[in-house]
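Quick notes on the structure that follows.
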Amino acid sequence: MTELYEKYGDIAERMLHFVESRTTDQASTTMRVPVENYLDPARWEREKERVFKRLPLMLALTIELPEKNDYKAMQIMGLPVVITRGKDMRARAFLNVCKHRAAHLAPEGKGNCSRFSCPYHGWTYANDGKLLGIAEASTFGEVDRTDLNMTELPCDEVAGMIFVILTPGLEIDAKSWLGGMYDDFAALKLEDWYYHKSKEMRGANWKVAYDGYLEGYHFAAAHKDTVAPRSPSNRAHYEGFGPHIRLGFPQKSIVDLKGLPRDEWGRRENDGYDFIRMLFPNFALFLAPEMCQFAQLFPGDAPNKNVTIMNYVFPTKPETEEEMRKLDEMCDFFYNVVEEEDYFLGMKVQNGLESGAMTHQTFGRNEPGNQFFHKWIDYYLNESGQTPMPVMKD
């Protein structure tokens, strides 16, 4: 991992330059994005079908299913999904649906069991998806049981994360999907962390919400009492890895790095600078000294809504009740900052987009992450296959 930390050191040096010269990473030009991209129901449906249902989504951490027979069941954009840990310790994912009359099998949430019993007619399934038993099979009639196994979804586990594609039959290779971001997540060793809790948040169109994660231009105005005292506004480093992004935000204390040996700068995350690691299309992980928060954004039940799951993890489990209480309070503080400042503003932005006041949003040269994000959405929505893959910096 030495090479990775050397790269972090180079990024830290660049962020120090941004603070001292009052500048930031920039795109070659500004970019206009049609307001209709946030409002059009037909485009919203295409985003769900071509982006959210065809690309690997990080749906669970390894530490959420640490033991044999653990499972996690959830609703993703109205789809019932269950992830299981089999007796072979392999993670698998299925549509959480009985093949008899379509009732849900596993109750939503987390649990531990080797088989699921349908609450409607009592059919049973193993947690590897195989149909085990048909209630009173002698009266039911002849069926091909192999056709009645649970519908499996592509699933792969890497670097402490479980990725799922919501369309059956597609190929999945999570390490390849991470690309150059793999080393970042492998170095974090998320598989050894402590999972604390999750909380649901509701907001505007999913892209309105995600836009806010992609820049620090808003820190001074939107976070003047929370983020801005720590991190200067409009100073950020961007690096793209396929459609994914690592953002670097310098802290005001980054100038203290000059008093340290240069080869130590790359190991000073949270002590001079912070990273947000973002996986397209909907995942953002922020590691702070107090805890780690990662967001999973999904389109809601209408174009102007999103559902965000905020998750809180920590490298080690608190040893005392007092430490646990402080961790819980810190998690709630970060949640409240996002909900009361970012997502509250996002709802106002959504209303403004719907007002007819403008036909386009303009992303500045100092917002290269937003430009990159929207170009990748257009890339995946393009059906001709003629659009070249976007690059972070022209």
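The values are calculated or read from the model by the stated rules, or taken from the named source; none is laboratory data. Quantities reported herein were computed from a predicted structural model and do not represent experimental measurements. Every residue, glycine as well, gets a Cβ built from its backbone with ideal geometry; the counts of neighbours run over all protein chains shown. We work out accessible area using only protein heavy atoms, side chains counted, and drop any ligands, DNA or RNA first. Shrake-Rupley method; radii C 1.70, N 1.55, O 1.52, S 1.80 Å.
Sorted largest first by accessible area at a 1.4 angstrom probe radius, with every protein chain in place, the residues E321, E290 fall in the order E321, E290.
Computed over the chain, the per-residue total of -39500 (n - 2.57) for DSSP H runs of n ≥ 4 gives a 222 nm mean residue ellipticity of -7500 deg cm²/dmol, rounded to 500. The relative contact order of the chain, computed from alpha carbon pairs under 8 Å that lie at least 6 residues apart in sequence, is 23 percent.
From the alpha carbon centroid of the stretch 102-174 to that of the stretch 290-312 is 26 Å. If R0 is 51 Å, the Cβ-Cβ spacing of S253 and N69 corresponds to a FRET efficiency of close to 0.65. Among the helices of the chain, those built from whole DSSP H runs whose Cα atoms reach 18 Å or more along their own axis and whose mean Kyte-Doolittle hydropathy is at least -1.0 are 2-21, 321-337, 368-381. For L39, the shell of other residues with beta-carbons less than 11 Å away shows a net charge of -1, using +1 for Lys and Arg and -1 for Asp and Glu.
Each peptide in 91-101, 208-218 receives the mean, over its residues, of other Cβ atoms within 10 Å, and ordering these scores from highest gives 208-218, 91-101. Applying 1/(1 + (r/R0)^6) with r as the Cβ-Cβ distance of N270 and L132 and R0 = 45 angstrom yields a FRET efficiency of 0.40. Two numbers describe the Cα atoms of the stretch 98-244: Rg and Dmax, which are 22.5, 71 Å. Each principal axis of the Cα atoms in the stretch 285-380 has its own extent, and those three values, largest first, are 54, 26, 25 angstrom. Surface listing: W123, W193 arranged by accessible area from highest to lowest gives W193, W123, probe 1.4 Å. Taking P(r) over Cα pairs in 10 Å bins from 0, in percent as calculated from this structure, the corresponding entry among [x] 4, 16, 16, 12, 12, 11, 9, 6, 4, 4, 3, 1, 0, 0, 0; [y] 5, 23, 34, 26, 10, 2, 0; [z] 5, 21, 31, 25, 13, 5, 1, 0, 0 is [z].
Cys residues of the chain that find no other Cys beta carbon under 4.7 Å: C113, C155, C292, C331. Label positions at S198 and T167, each projected 7 Å from the Cα along the C-beta direction, are separated by 2.4 nm.
Among the protein heavy atoms, those of Y5 account for about 60 Å² of accessible surface (1.4 Å probe, every chain in place). With Cα atoms as the point set, the stretch 3-50 shows a radius of gyration and Dmax of 18.7, 46 Å. Surface calculation, 1.4 Å probe, protein heavy atoms: I254 sits at approximately 0 Å² accessible. Taking K and R as +1 and D and E as -1, what net charge do the other residues with C-beta under 10 Å from the C-beta of T30 add up to? Its environment carries a net charge of +1. Calculate, for E290 and T146, the FRET efficiency according to 1/(1 + (r/R0)^6) with r their C-beta to C-beta distance and R0 56 Å; round to the nearest 0.05. Efficiency computed from Cβ-Cβ geometry: 0.65.
The packing ranking of peptides 130-142, 261-273, highest mean first, is 261-273, 130-142, where packing means the average number of other beta carbon atoms within 10 angstrom of each residue. The slack in the chain from T124 to A42, taken as 0.36 nm per residue of separation less the alpha-carbon distance, amounts to 25.6 nm.
The accessible area of T2, taken with all protein chains in place and a 1.4 Å probe, comes to roughly 90 Å². Suppose each label sits 7 Å from its Cα in the direction of the beta carbon; what would the N112-K348 distance come out to in nanometres? About 4.8 nm separates the two model spin labels. Modelled this way, with points 7 Å down the Cα-to-C-beta line, the labels at T29 and K189 are 4.8 nm from one another.
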